[in-house]
Amino acid sequence: MRILVTGGTGFIGSHTVVELLENGYDVSIVDNLCNSSAVVLDRIKQITAKTANFHKIDLLDKVALDGIFESERFDCVIHFAGLKAVGESVKEPWKYYNNNLVGTLNLIDSMSRHGVKNLIFSSSATVYGSPKVVPITEEHPKGNCTNPYGQTKSMIEQILTDIHKADGEWNIVLLRYFNPIGAHPSGLIGEEPNGTPNNLMPFITQVAIGKLPELGIFGSDYDTKDGTGVRDYIHVVDLAKAHVKAMKKIFDNAGLEIYNLGTGKGYSVLEVVHSFEEATGIKIPYSFKPRREGDIAACYASADKAKKDLGWVAEYGIKEMCLHSWNFQKLNPNGYGE
Ligand code: NAD
Ligand code: WQD
């Protein structure tokens, strides 16, 4: 079976390509490399001893995208490609709506016209907005996304739901990721943020390697165990494995399904810092800063539905997440070096 992976050279996409290849699937990747490097393709080959077909194509280029469907036959599409920086999306909303929405609409159109109606979409816990209760189940109503990035995820979920409603031949799984961190245990692939990281773990690893002087912890007065924000961090390899399980569900004619992908455990910022220090032996200097606009106090998943329906549970713990994030940073101090 051949799987088309959009955004397959990115952070989560590359780990998923590895899992797919290791599970015997043939893989084709579409990525415009706007937030990733072609070096990832060699790294995937080093890990798996297999090669994925690579198409350097922008999803906004409808003709080029369609050409891939003309030349290859796909059994399922896993759609990671999108822009994901929350702060940037507030400053440049058009760019986010255009890239994420039009890219997805072009993809659906090509799929539909070529009779490929199996799709897994990368959604996010951000669609819940500020949760009314934690842990968050899939039944929790979608909330008010405070930024255009989150809006694109929520809108794409709606578009895909309507498409499935109109044509029952579509099998669509919406995966709502919580906070993916970590890296492949080999240290060959991982997360390479553009510029100063916005997310916690890449910021910590850059402090650890000496690129940044200290971590600023955004808020110490939340109604949480120690006053700092609580999140559900999930190892990217566990996340990748969930895609392989979700695909099996698709091939069993899933219809439309939504799954949270998290560990079900919430860790505060201070707990992550201390876990990182314990796992690596490196001290992370920090100071408290005001709350970051748009942040919420606590967000963690109920992952029961994925366990029940997909037979998937996250296996790595917070220490391994920290260790593998550090391992990638240490082995790739300048990222993929391009
Ligand atoms: P990433 O930026 O590492 O990967 C996305 C990939 O898509 C990149 O390689 C980029 O070059 C490519 N891309 C973007 N726009 C494109 C276009 N128009 N045409 C072709 N390629 C394009 O991000 P990631 O962390 O791997 O996230 C993957 C998906 O998961 C995204 O849709 C993201 O919104 C979603 N997600 C990520 C997180 C997270 O914290 N990392 C959490 C929830 C959901
Ligand atoms: C985690 C915690 C911060 C940086 C974001 C997106 C979400 C999803 C995942 C895509 C919070 C604190 C952070 C720092 C800090 N992405 N923090 N100092 O905000 O939970 O989720 O990524 O879908 O949509 O919003 O993740 O890693 O930025 O923050 O104190 O320098 O760490 O306040 O409590 P977040 P994060």
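The values are calculated or read from the model by the stated rules, or taken from the named source; none is laboratory data. Given the structure is predicted, the values throughout are model-derived calculations rather than measurements. Neighbour counts run over all protein chains shown; Cβ positions are idealised from the backbone, glycine included.
All conditions but one from (1) over 15 Å from Tyr177 (Cβ atoms); (2) out of contact with any His (no Cβ under 7 Å at 6 or more places or on another chain); (3) within 16 Å of ligand 1 (Cβ to nearest atom) apply to Ile136; the one that does not is (1).
Answer yes if at least one residue in the stretch 140-153 is within 20 Å of Val30 (Cβ to Cβ) and near ligand 1 (Cβ under 9 Å from one of its atoms), and no otherwise. Checking the stretch 140-153: at least one residue is within 20 Å of Val30 (Cβ to Cβ) and near ligand 1 (Cβ under 9 Å from one of its atoms). Scanning the stretch 173-221 for residues that are of a type outside the set (Val, Ile, Thr), within 16 Å of ligand 1 (Cβ to nearest atom), touching a Ser or Thr at 6+ places or on another chain (Cβ under 7 Å) and assigned to a strand (DSSP E or B) turns up Leu174, Leu175, Arg176, Tyr177. Checked against (1) surrounded by fewer than 20 Cβ atoms within 10 Å (Cβ to Cβ); (2) free of Cβ contacts under 8 Å to residues at least 60 places away in the same chain; (3) at negative phi; (4) within 15 Å of ligand 1 (Cβ to nearest atom), Ile68 meets all criteria but (2). Filtering the stretch 296-338 to residues that are farther than 28 Å from Lys248 by Cβ and of a type in the set (D, E, K, R) leaves Lys319, Lys330, Glu338. Give me the residue from the stretch 68-87 that is over 17 Å from the mean Cα position of the chain (by Cα) and of a type in the set (D, E, K, R) and, out of that set, nearest to Phe121 (Cα to Cα). Within the stretch 68-87, the match that is nearest to Phe121 (Cα to Cα) is Asp75. The lone criterion from (1) surrounded by 15 or more Cβ atoms within 10 Å (Cβ to Cβ); (2) touching a Leu at 6+ places or on another chain (Cβ under 8 Å); (3) farther than 21 Å from Gly262 by Cα left unmet by Asp226 is number (1). Here Lys165 passes the criteria (1) assigned to a strand (DSSP E or B); (2) farther than 30 Å from Leu215 by Cβ except the one numbered (1).
This table checks each residue for (1) touching a Gly at 6+ places or on another chain (Cβ under 8 Å); (2) more than 16 Å from ligand 1 (Cβ to nearest atom); (3) aliphatic (A, V, I, L, M).
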position	(1), (2), (3)
Asn260	no, no, no
Ala279	no, yes, yes
Arg291	yes, yes, no
Trp326	no, yes, no
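Quick check on Val40: is it within 22 Å of Ile108 (Cβ to Cβ) and either modelled with pLDDT under 95 or buried (at least 18 other Cβ atoms within 10 Å of the Cβ) (or both)? Criteria not met by Val40.
Among the residues of the stretch 236-251, which ones are in contact with a strand residue (DSSP E or B) (Cβ under 7 Å, 6 or more places away or on another chain) and within 14 Å of ligand 1 (Cβ to nearest atom)? Val236, Leu239, Ala242, His243, Ala246, listed by residue number.
The number of residues in the stretch 135-153 being in contact with a strand residue (DSSP E or B) (Cβ under 8 Å, 6 or more places away or on another chain) and within 13 Å of ligand 2 (Cβ to nearest atom) comes to 3.
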